[in-house]
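The values are calculated or read from the model by the stated rules, or taken from the named source; none is laboratory data. If you're wondering where the values come from, they're calculated on a predicted model, not measured in any experiment. Cβ atoms come from the backbone with ideal geometry, glycine included; neighbour counts cover every protein chain shown.
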Amino acid sequence: MAKNITMVKNMKKLKVIIIRTAGTNCDYELQSAFELCGAGVDRVHINELISNKNKILSYDILAVPGGFSYGDDIASGKILSNELKNKLGDNIKEFALSKKPIIGICNGFQVLVKMGLLPQPEEFEQISTLSYNDSNKFECRWVYLKTERKNNNTLCLWTKDLPEVISLPVAHGEGKFVAGEKVLAQIEKNSQIVFRYCDKNGMEANYPLDPNGSLNAIAGICNKQGNVFGLMPHPERYIYSLQHPAREGYDGIYGWGKKIFQNAIEYLK
Amino acid sequence: MIFEIEIKTKKGFSDPHGIHTVSEIEGIGIKGVKSVDYIAVYRISGGITVKQAEEIAFELLSDKITEDFCIKQYKTLEQKKIENNSIEVWFKTGVTDTVSESVSKAIKDLGINEEVAVKTGKKYRLKGELNTSKLKKIATRLLANTLIQEYLIK
Amino acid sequence: MNVNIIEILNLKDKQLVELSKTNVLSLSLVEMKEVQKYFKNIKRNPTDVELETIAQTWSEHCKHKTLTGNIEYCEEKNGKKIIKKYKNLLKETIFKATVELNKKWCLSVFKDNAGVIDFDQKNGVAFKVETHNHPSALEPYGGSATGIGGVIRDILGVGLGAKPLANTDVFCFGHPDTKFSEVPEGMHHPKRIAKGVVSGVRDYGNRMGIPTVNGAVFFDKGYMANPLVYCGTMGIIPKNKTDKEVKSGDLVLVVGGRTGRDGIHGATFSSVELDKESDVSAVQIGNPIVEKKVLDTMLKARDLKLYRGVTDCGAGGLSSAVGELGEKTGVIVELEKVPLKYKGLNPWEIWISEAQERMVFAVPAKNKNKILNLFKKENVEATFIGKFTNDNKLTLTYNGRQVACMEMSFLHDGVPKPTRQAVWKEQNIKKQNPVKVSASVLSSDMKNVLSDINVCSRDYIIRQYDHEVQGQTVVKPLQGNSITNSGPSDAAVIWPYTVVKNTKKAIVLSNGLNPEYGKIDTYKMAASSIEEAVRNAVCVGADPEKISLLDNFCWGNPNKPEILGSLVRASQACYDLSKGFDIPFISGKDSLYNEYTIAGKTFSIPPALLISAMGVIENVEYTVTMNLKDVGNYIYLIGVTKNELGGSVYAKIKNIKGGFVPDLDVKISKALMKKIHFSVKSSFVEACHDCSEGGFITALSEMAFAGEKGVNIDADLIKVDDKKMTLAEVLFSESNTRFIVEVKPENSVNFEKIFKGHIFSKVGYVSDDKNLILVSKKSKISIKENIINLQKAWQKTLQW
């Protein structure tokens, strides 16, 4: 398969920044996913970003990867979300409002939500959260996800042209999406729900297919513009069909997770 | 000054730690416990003000959507009273408390530069048919390892 | 500061023993006398720092005195006695096989923190498994967490440092349903130990971002007060980084966690038996994020060539780590420079503390500032504490005052060799009475075996581990045709595409463990465990000619001749099988003195030998999973089924007395494994699963429900070596060297050609009605079981 992987040539190389800190651990596979789609990737430690605050704005795509930032002490993503907001908040908000793609995966999703970049980066206040799984356990398993659509297309730029139901792995202890009734109604109305946990036919699912008991079975959301995307499942762990439990995928060798990264690159082209 | 900041799940939200603890208590053969509320406790001693303690509790230690906090203030720990039907678990002195190191870092991130010492503990508020010997059993068989932790019951 | 001179020069034998005991030195009289002799020679008494350093360096944990010591072994068989003398059991069995096999692809064996073999032109892969039994008995969560943390550091400390790719874990616990009244005072309930141990591995492994991909759990009342916790890590390392070269003048740099009173006497403590008053300070608590930061930064420093040597602080703390790096040069350390968690530590405590997450580096003086800056950038504490010299001495100072000065040669080679007695007497084992059961009993037996605590699904444990972080786990611990169905994988396959760009190669990890057989015969246990580990690896696609093994012995008190005898037997099996299979051991570890006292009575654990296998797969696309794939495909059973119920799960649940423990013909086994591998490479194998605990019917059930497919089996077609075997014996026998293989009809002719001349048979086919149907006309029995019910039986037991 490796010989089939050819870089997309003659294209201006887009630059992706993966922010990492103590406890980040899904950064290498995320880098591989973006690189497979032809982007250039820097994994940058937060200390370096804090000492050079404008560095972040020189990138085209921003990604906050999975892991256990600062051990997820206190609560998942909490300490990193505070640190990013207090020390780099203005620049991150600017990045989001400039409609450049931002993705937060797993711990990265928890960070985006807790700093308030999702679901409304304009407000930049925490209005939703990711709480302990109903099972009270860490859950590592593959799940089915329904790609939400409105008028036959997705609001989120990251999930264009995906099948109605895809599968991705989850691995988290705090992935239950929770928000107040008003916020929930609002993001539903705005079509900001990107993925919901479901069964293989796209219908409502119970535990363990819904691994955490999220409100409205929410697995991923985006902002109103569709450029800031956060999700609990790990698309970067499914860029090749070999990574799927039954080795399913598309074009013979790729996994559907790859399409998600490809979408961000194509959006900028 | 010593602050004890208690973090508890808000009404209307689920507390899986508490629910799970109920079934674990049953699992060790103790009957009659109807519910358990799980409360994370952070003991912060040092030169911070009440306002700063509130900021730490609101901005850092609690979740704005699902959790409430309550701050208790002591001059010395001798003033502290243990609630009825509750069990508190704390690391013994000298045992590595990894969360406390992260909390100290995060307090500095908030711009609070006063030197503080942080200790983390767990509190379980139980309801049901309880007595001291039951609480002791629950503490020693399930919630605390007395080799490295101490437990407080009334 | 507090340094004491310890009077030893004028002590009598009894007083020497007393001194060893009161200071938890765990040194024998012979050893104490050797120490006395050394200090008589240099005409002074030792300091407490010196005495503690000797005790650590000479500990069973660090020196493996039993396996490398003299053993007089006496074997009684057929009324005859055979005496054999070993000068170094390890070198004359396990290591000897490796030397004789002399594989070019073995890059570093039995000398560093882990064994290293060839991966591709540029890289090697390293593998190490450690035990952390005693600490896990006292503090299950902290004990297992620091167990996994420690073995990860072994991989960081092999050569100049490898990048960890996967973890493994294997546990032995007491029975989870033990009554509280049966749990000895001061000990934790086995279920609490099990849950705590699993949580510890989960929280440490997940936070490190290393997937835990392979393992096993075995429950037996013999492990109630002394659980076994094996933790393994595999990592990848550039071939030009597999050697350390410490030079005189290099500086000693300690990196990572601070030093506290935690884990004082861990190394010496691992050679004492557990009782309710076991030493409190032996407990360590881990902080995975500190170790993760060390990992992130040190590999950068490695690639920038900023240091010449590295090793981890494990048992014995700085004393072992610094001592090891400076063994050939000599070293001087200023103890007051070691960063402490809190004040008040005595110099000897600083020197032997086993506080976690610390690595020691040998840094050329010119790189001093560069390396400090690199660590500082990511908030990793790094402190220079000394210098490698050229005087071949260990010198320690505290605030300028010398507190220890000893010859390296005395420390590392001065330990006197003990001589121990070992005996083994052949037991007279008979075949069990024929096991005859009706169809309905057979049906319920099938489900009882599937839900037996030692067979049932481990998903409660596996799914708490992030077994897919790094994205490289392409054969997962639970494998199934869809997302809702799964069965137990034989082995895990890691495809390291994020580290080695464009690679097709992959690494397979598997294990074999069966203490139940060891209760009857440790030779057969060892042989079966080795075969099981290799068999498991071959099932997923490993090449049996590119597999390496690790041994981990957990045994009782070797001062008891029968216990040591059973250890000698197992070691002999390791030699014989390693040679027979042409598969080398590359690293190993032993944990002895696993015994505990209840009400004044001492018990030893059932001996347990964990065999871990690591192999390199040429092309990741030719890997196979165990779930059935397509309706209409044929099902083959390769290998012969013998009347071997001894130590089986079936014998246990049916309380069957007698029965032979599975034997092994290594020539046949080796030949069949090669053929299985050839079939996989020829794309003839759709699914493959080995028969082990629970026998053929259990393995077949697992393949069926994992694939959501039914099967139709004619049990009379199963090839047996004893025509008198009953159907139950055929279905539940745990004979070695058997594989169930699913093959497409169009490939069946070619597949059968490959196995010509060997014992195998086509026993049935994959059906579409989701039932397991098994017929035996000979026994007049037919069974029909819904596969969903079988899966439920398998999944229900271990859901805590």
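Is the stretch C:781-791 home to any residue that is touching a strand residue (DSSP E or B) at 6+ places or on another chain (Cβ under 7 Å) and farther than 24 Å from C:Ser438 by Cβ? No, the stretch C:781-791 contains no residue that is touching a strand residue (DSSP E or B) at 6+ places or on another chain (Cβ under 7 Å) and farther than 24 Å from C:Ser438 by Cβ.
Please go through the stretch A:191-204 and pick out each residue that is hydroxyl-bearing (Ser, Thr, Tyr) and away from chain C (no Cβ under 14 Å).
Correct list: A:Ser191 only.
Scanning the stretch A:99-129 for residues that are more than 9 Å from chain B (Cβ to nearest Cβ), more than 22 Å from A:Ala33 (Cβ to Cβ) and not in a loop (DSSP other than H, G, I, E, B) returns a single hit, A:Met115. The condition of being over 13 Å from the mean Cα position of the chain (by Cα), under 30 Å from C:His188 (Cα atoms), of a type in the set (A, V, I, L, M) and modelled with pLDDT of 95 or more holds for only one of C:Ala126, C:Ala166, C:Ala137, C:Ala162, that being C:Ala166. Pairing each residue of the stretch C:596-624 that is closer than 26 Å to C:Thr233 by Cβ and among the hydroxyl-bearing types (Ser, Thr, Tyr) with any residue that is assigned to a strand (DSSP E or B) and at pLDDT 95 or above, provided the two are 6+ apart or on different chains, yields C-beta distances under 6 Å for C:Ser612/C:Val129; C:Ser612/C:Gly232; C:Ser612/C:Asn511; C:Ser612/C:Leu550; C:Thr623/C:Val475; C:Thr623/C:Val493.
For A:Glu94, the criteria (1) within 17 Å of A:Val178 (Cβ to Cβ); (2) surrounded by fewer than 21 Cβ atoms within 10 Å (Cβ to Cβ); (3) touching a helix residue (DSSP H, G or I) at 6+ places or on another chain (Cβ under 8 Å) hold in every case but one, which is (1).
Against the definition (in a helix (DSSP H, G or I), at pLDDT 95 or above, over 26 Å from A:Lys182 (Cα atoms) and among the polar types (S, T, N, Q)), how does A:Asn82 come out, yes or no?
Taking the combined requirement at face value, the residue does not satisfy it.
Residue-wise test of (1) at pLDDT 95 or above; (2) in a helix (DSSP H, G or I); (3) closer than 20 Å to C:Glu100 by Cα.
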residue: C:Val534; (1), (2), (3): yes, yes, yes
residue: C:Leu564; (1), (2), (3): yes, yes, no
residue: C:Asp576; (1), (2), (3): yes, yes, yes
residue: C:Lys579; (1), (2), (3): yes, yes, yes
residue: C:Thr597; (1), (2), (3): no, no, no
residue: C:Ala613; (1), (2), (3): yes, no, yes
residue: C:Val624; (1), (2), (3): yes, no, no
residue: C:Asp630; (1), (2), (3): yes, no, no
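Mind listing whichever residues of the stretch C:443-468 are in contact with a Ser or Thr (Cβ under 9 Å, 6 or more places away or on another chain) and at the interface with chain A (Cβ under 10 Å from one of its Cβ atoms)? Once the filter is applied, which keeps residues that are in contact with a Ser or Thr (Cβ under 9 Å, 6 or more places away or on another chain) and at the interface with chain A (Cβ under 10 Å from one of its Cβ atoms), the stretch C:443-468 yields C:Asp459, C:Ile462, C:Gln464, C:Tyr465, C:Asp466, C:His467.
For C:Gly487, the conditions (1) crowded, with 24+ Cβ neighbours inside 10 Å; (2) over 30 Å from A:Cys198 (Cα atoms); (3) more than 10 Å from chain A (Cβ to nearest Cβ) all hold with the exception of (2). Here C:Leu374 clears all of (1) surrounded by 24 or more Cβ atoms within 10 Å (Cβ to Cβ); (2) at pLDDT 95 or above except the condition numbered (1). Only one of the listed residues (B:Ile25, B:Ile7, B:Ile48, B:Ile19) is within 22 Å of C:His188 (Cα to Cα) and among the aliphatic types (A, V, I, L, M). That residue is B:Ile25.
Scanning the stretch C:9-45 for residues that are in contact with a strand residue (DSSP E or B) (Cβ under 9 Å, 6 or more places away or on another chain) and among the hydroxyl-bearing types (Ser, Thr, Tyr) returns a single hit, C:Tyr38.
Is it fair to say C:Gly487 is more than 21 Å from C:Val201 (Cβ to Cβ), of a type in the set (Gly, Ala, Ser) and more than 18 Å from the chain's Cα centre (by Cα)? It is true that C:Gly487 is more than 21 Å from C:Val201 (Cβ to Cβ), of a type in the set (Gly, Ala, Ser) and more than 18 Å from the chain's Cα centre (by Cα). Set side by side, the residues A:Cys26, A:Cys37 differ, and just one is modelled with pLDDT of 95 or more and at the interface with another protein chain (Cβ under 8 Å from one of its Cβ atoms), which is A:Cys26. In the condition set (1) more than 14 Å from chain C (Cβ to nearest Cβ); (2) farther than 28 Å from C:Arg202 by Cβ, A:Glu248 is compliant with all but (1).
In summary, B:Thr21 fulfils each of the numbered conditions (1) touching a residue at least 24 places away in the same chain (Cβ under 8 Å); (2) hydroxyl-bearing (Ser, Thr, Tyr); (3) not in a helix (DSSP H, G or I) with the single exception of condition (3).
Note on the stretch A:170-190: residues that are surrounded by fewer than 19 Cβ atoms within 10 Å (Cβ to Cβ), more than 10 Å from every other protein chain (Cβ to nearest Cβ) and in a loop (DSSP other than H, G, I, E, B) amount to 1. Before we move on, is A:Arg196 at pLDDT 95 or above and charged (D, E, K, R)? For A:Arg196, the condition - at pLDDT 95 or above and charged (D, E, K, R) - is met. Restricting the stretch C:278-291 to residues that are crowded, with 24+ Cβ neighbours inside 10 Å and more than 9 Å from chain B (Cβ to nearest Cβ) leaves a set whose member that is modelled with the highest pLDDT is C:Glu291. Of A:Ser76, A:Ser51, A:Ser69, A:Ser81, all but one fail to be buried (at least 19 other Cβ atoms within 10 Å of the Cβ), within 11 Å of chain C (Cβ to nearest Cβ) and small (Gly, Ala, Ser); the exception is A:Ser69. Condition test on C:Arg202, is it basic (Lys, Arg) and in contact with a Gly (Cβ under 8 Å, 6 or more places away or on another chain)? Criteria not met by C:Arg202.
Okay, residues lined up against (1) touching a residue at least 60 places away in the same chain (Cβ under 8 Å); (2) under 26 Å from C:Asn287 (Cβ atoms); (3) aromatic (Phe, Trp, Tyr):
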site: B:Ile44; (1), (2), (3): yes, yes, no
site: B:Ile65; (1), (2), (3): no, no, no
site: B:Trp90; (1), (2), (3): yes, yes, yes
site: B:Ala139; (1), (2), (3): no, yes, no
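Against the condition more than 14 Å from chain C (Cβ to nearest Cβ), buried (at least 24 other Cβ atoms within 10 Å of the Cβ), in contact (Cβ under 8 Å) with a residue 24 or more places away in the chain and not in a loop (DSSP other than H, G, I, E, B), how does A:Phe229 come out, does it pass? Spelling it out, A:Phe229 is indeed more than 14 Å from chain C (Cβ to nearest Cβ), buried (at least 24 other Cβ atoms within 10 Å of the Cβ), in contact (Cβ under 8 Å) with a residue 24 or more places away in the chain and not in a loop (DSSP other than H, G, I, E, B). Here the helices (runs of 4 or more DSSP H) wholly within the stretch C:116-234 that include at least 2 residues being buried (at least 24 other Cβ atoms within 10 Å of the Cβ) and within 14 Å of chain A (Cβ to nearest Cβ) are C:140-156, C:190-208. Here are some conditions: (1) within 14 Å of chain B (Cβ to nearest Cβ); (2) of a type in the set (Gly, Ala, Ser); (3) touching a strand residue (DSSP E or B) at 6+ places or on another chain (Cβ under 8 Å). A:Ser167 meets all but one. Which one does it not meet? Of the numbered conditions (1) within 14 Å of chain B (Cβ to nearest Cβ); (2) of a type in the set (Gly, Ala, Ser); (3) touching a strand residue (DSSP E or B) at 6+ places or on another chain (Cβ under 8 Å), the odd one out for A:Ser167 is (1). Among the conditions (1) among the aliphatic types (A, V, I, L, M); (2) within 30 Å of C:Lys476 (Cα to Cα); (3) within 14 Å of chain B (Cβ to nearest Cβ); (4) touching a helix residue (DSSP H, G or I) at 6+ places or on another chain (Cβ under 8 Å), the only one that A:Ile218 does not satisfy is (4). If we scan the stretch B:98-108, do we find a residue that is surrounded by 17 or more Cβ atoms within 10 Å (Cβ to Cβ) and not in a helix (DSSP H, G or I)? No, that holds for no residue.
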